[in-house]
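The structure appears right after this line, and notes come after that.
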Amino acid sequence: MSEKEDLAKQKAEAAAKAKAVALARKQAKAEAAEKPEGEMDIAKQKAAAAAKAKAAALAKKQAKEETAEKPEGEMDIAKQKAEAAAKAKAAALAKKQAKEETAEKPEGEMDIAKQKAAAAAKAKAAALAKKQAKEETAEKPESEMDIAKQKAAAAAKAKAAALARKQAKEETAEKPEGEMDAAKQKAAAAAKAKAAAAAKAKAAAAAKNRTAVQESEGGNTPSEISPNQSKLDQIVSAIESHVGQGALLEHYINRLSKDVPTLVANPDTYFSIAKFLRYDERLDFSYLSELHGTDFESHMEIYVHLHSFKMNQSVALKVKLDRDTPVIPSLVPLWSGANWPECEAYDLLGINFYQHPDLKRILLGEDWKGYPLRKDYEPYDVEV
């Protein structure tokens, strides 16, 4: 077949196609004029589908005819061109349909459609990120994976902390000044109550421990006699002979403090016993090495540690005082070394030593409120 005949054949086919398309359009218009709006949409869709199918069939037919005439190399190129053209045509058609649908949709539906499209895009991106992360994880060694996990956890914590701070700032900014002051006062009151509860619990535990120590000192006497027992008996006998039988409330060997003979005096006979221990020629406790006070919550107590160089022996003298009005004679007239220890007990516990030559606060100011070594002490100023 010559080139002229091929050209004539192609023209005839093109004319037939144009005629068929024109006839199809005419028929579609005529049918559309007779049909209601709903049926017209369906008819349009059917006509479009039929036209697509017809165009596709004709394209296939032409491709087959051209393929039969072309050599193998040209056929591959033609296939690739045809596929590319089909893809481009399909993409263009999809865009056109999307535009038409968007033009027909009201604004609310368009927003929903946009949101759906955005959500789908996000989901697709997230899936792709997960896939990439998995692939990278599969390639990384174990140590790098642990470091990556730690970094991710740290970043999440930092983000949560920053968000909490931001929310706290926003809430604070919204509160008026009065509410902020009330919140500060509540926080201060809560902190104070918590500190007081902790102090009470600590004091209760300490009192329990002291009770156990006292019981162990006085009650559970070992079967083995202390080497200082004879000296304690000698001291007690001398005190009862010169001061009186009821001068001592009790006496014992303190096993927890190097077997020191311990004397517990009656508050009324405290000074008389101390004076006898100081000036008796046989005892001669001339050196006062220690004096301090203690708050036992149920009572106050004064502890005095004395030593006799003549006897080469130490002794402890104790006296229990009423906690609300702790008053006792001063030992400064007997031992000048009692001066500052008694001032310290007065300063920190509020024990009053009458007949003291210069009783004053030596650590805190005269205007200080309360006594810091008392178990129920609470600062006058919360901020101190």
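Number of residues in the range 234-263 that are aliphatic (A, V, I, L, M), closer than 21 Å to Asp284 by Cα and either outside any helix (DSSP H, G or I) or open to solvent by 60 Å² or more (accessible area, probe 1.4 Å) (or both): the value is 6.
Out of all the residues in the range 345-376, which are among the acidic types (Asp, Glu) and touching an Asp or Glu at 6+ places or on another chain (Cβ under 9 Å)? Residue satisfying the conditions is Asp376 alone. Within the range 309-327, the residues that satisfy the criterion of being surrounded by fewer than 19 Cβ atoms within 10 Å (Cβ to Cβ) and among the hydrophobic types (A, V, I, L, M, F, W, C) are Phe309, Met311, Ala316, Val327. Please specify each residue of the range 309-341 satisfying the condition of being in a loop (DSSP other than H, G, I, E, B) and aromatic (Phe, Trp, Tyr). Hits for the range 309-341 are Phe309, Trp335. Within the option set Asp358, Asp367, Asp376, being free of Cβ contacts under 8 Å to residues at least 12 places away in the same chain, open to solvent by 70 Å² or more (accessible area, probe 1.4 Å) and not in a helix (DSSP H, G or I) holds for one residue only, Asp367. For the range 318-351, a residue qualifies if it is under 24 Å from Glu250 (Cα atoms) and polar (S, T, N, Q), and the qualifying residues are Thr325, Ser330.
Each row is one residue, and each column tells you yes or no for (1) free of Cβ contacts under 8 Å to residues at least 60 places away in the same chain; (2) open to solvent by 10 Å² or more (accessible area, probe 1.4 Å).
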position	(1), (2)
Tyr279	yes, yes
Phe296	no, yes
Ile302	yes, no
His307	yes, yes
Pro329	yes, yes
Pro333	yes, yes
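Do you know which of the residues in the range 209-233 that are surrounded by 15 or more Cβ atoms within 10 Å (Cβ to Cβ) and part of a loop (DSSP other than H, G, I, E, B) is modelled with the lowest pLDDT? Among residues in the range 209-233 that are surrounded by 15 or more Cβ atoms within 10 Å (Cβ to Cβ) and part of a loop (DSSP other than H, G, I, E, B), the one modelled with the lowest pLDDT is Ser226. In the range 243-268, the residues that are among the hydroxyl-bearing types (Ser, Thr, Tyr) form Cβ pairs under 7 Å with partners that are open to solvent by 50 Å² or more (accessible area, probe 1.4 Å) and modelled with pLDDT of 90 or more, at six or more places apart or across chains, as follows: Thr262/His251.
Yes/no per residue for (1) over 22 Å from Lys231 (Cα atoms); (2) at pLDDT 95 or above:
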site	(1), (2)
Gly293	yes, yes
Ile302	yes, yes
His307	no, yes
Leu317	no, yes
Leu321	yes, yes
Ala338	yes, yes
Ala345	yes, yes
Tyr354	yes, no
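Would it be correct to say that Ile273 is of a type outside the set (Lys, Arg), in contact (Cβ under 8 Å) with a residue 24 or more places away in the chain, open to solvent by less than 30 Å² (accessible area, probe 1.4 Å) and not in a strand (DSSP E or B)? Yes, satisfied.
Residues of the range 364-374 that are closer than 11 Å to Tyr346 by Cα and out of contact with any Pro (no Cβ under 9 Å at 6 or more places or on another chain): Tyr371, Leu373.
The values are calculated or read from the model by the stated rules, or taken from the named source; none is laboratory data. Treat the numbers as computed from the prediction; the structure is a model and nothing was measured. Please note: Cβ atoms are built from the backbone with ideal geometry, for glycine as well, and neighbour counts cover all protein chains shown. These accessible areas exclude ligands, DNA and RNA; they are computed on the full protein's heavy atoms, side chains included. Shrake-Rupley method; radii C 1.70, N 1.55, O 1.52, S 1.80 Å.
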